[in-house]
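Quick notes on the structure that follows.
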Amino acid sequence: MSTKPCPTCGNPVPIGDRFCGQCGTRIEVPSAPNPSAGAGKTMFFSGVQAAGIAKLVVVKANSADGLAYELGGTEHMVGRTEGAILFAEDPLVSPRHANFFYRDGKLLVRDEGSINGVFVRIRTPTRLESGSVFLVGEQLLQIEALAPDFGPQPDAEGTYFYASPKRASKMRVVQRLRGGEIGLIVRARGDSVTLGREENDLNFPDDPFISGRHAEVTIAPDGVFTVNDLGSKNGTFVRITDESPLEHGDYVFLGQQLLRVEIS
C-alpha cells in the first residue's frame, strides 16, 4: 500500500486517509485532476478569426486602423445604402458599389456597376487597355492610345490652320478632374511616361500622397500598355473591369475608403 509521511510526526499514512493514525493530524488529500481541462491555459475569447476567413480593415487618413469587417459569409455587398458593409456618409460610394465574395476558397472583389469604380493596389507591372483608369496619390489618370499623325490637313479651300508643331506620339496620359473635366495632358516622347511629384514627364508637386518618382506607364511595340509602381510609399491603384482576386495585404480603394485585406 502506498503511504506518505505525516507532516507532524512522520508516521507513514496510507494514501487516501484524511488523519494520521498516530497523532491525529489532518492530512490534506489533493484533488483529482480534471481530464477535460487540457494541458494548456484557458484563453480569453476575443473574436478569434477562423482560419481562411478574411476581413477588411478601414485605413484612416493618418494611416491608423479603423473599423474591421469580418467576411464570414459567402458574399459581402458594400455600398452607401445597400449591403452588409455600409459607408452611409461617403457620397462617392454608390448605393450598391462592390461585392467581396469567395470562390474555390479564394477571396475576390467585383464592381457592381458603381459610378466611381473599384481600385486595387498593384503588386507587379500590370497590363492596361487604352482608356484604362488608375490612381496615383489623389490623381485620377487615364491612358489613351494615339492614332498615327498624318500631318496638318487643309480645309475645303486648301488653307492650312496655324498651330504649334505636334510631335509624333503613341500614347498620352490624361488627368481627370472632378465634374468630368480634363486637366493636365502629357504626350509620350517615346515609349514611356513617368509620373511623380518632381522631375518626371508628368508632375504633381502639390499632391502630398505622391512620391518623387511614383509610377511609369509604358507601351510595347504591339501596343500593349503596362503600368508599374516605382516603389512609391502609397502605391498605384488600377480600376478593375472584372472580378479581381485578392491576397493578404492587398489594398482596395472605393469611394473615399481605403481598405486593407487581411486573411488569416
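The values are calculated or read from the model by the stated rules, or taken from the named source; none is laboratory data. On a predicted model such as this, the values are computed, not experimentally measured, just so you know. When we count neighbours, we look across all protein chains shown, and the Cβ atoms used for this are built from the backbone with ideal geometry, even at glycine. For accessibility, only protein heavy atoms count, side chains too; no ligands or nucleic acids. Shrake-Rupley method; radii C 1.70, N 1.55, O 1.52, S 1.80 Å.
In terms of Cα to Cα distance under 14 Å, which aspartates and glutamates are near enough to K170, apart from those fewer than 8 places away along the same chain?
List returned: E129, E144, D149, D191, D222.
Which distance in Å, rounded to a whole number, links the C-alpha centroids of the stretch 94-109 and the stretch 110-172?
Going from one Cα centre to the other spans 30 Å.
With a 1.4 Å probe and all protein chains kept in place, how much accessible area does K60 have, in Å² rounded to the nearest 10?
Rounded to the nearest 10, that gives 110 Å².
Please list L195, L67 from largest to smallest accessible area, probe radius 1.4 Å, with all protein chains kept in place.
Values: L195 0, L67 115 Å².
These residues rank, largest area first, as L67, L195.
For the pair I185 and Y102, how long in nm is the line joining their label points, each one 7 Å along Cα→Cβ?
So the label points at I185 and Y102 sit 4.9 nm apart.
I want to make sure I understand the PRE zone here: with the label point 7 angstrom from the Cα of D206 toward its beta carbon, which residues in the stretch 186-200 have backbone N atoms less than 16 Å away?
Inside the label zone: 197-198.
Label A163 and R110 with points 7 Å out from Cα along Cα→Cβ: what is the distance between them in nm?
Distance between the two pseudo-spin positions: 4.3 nm.
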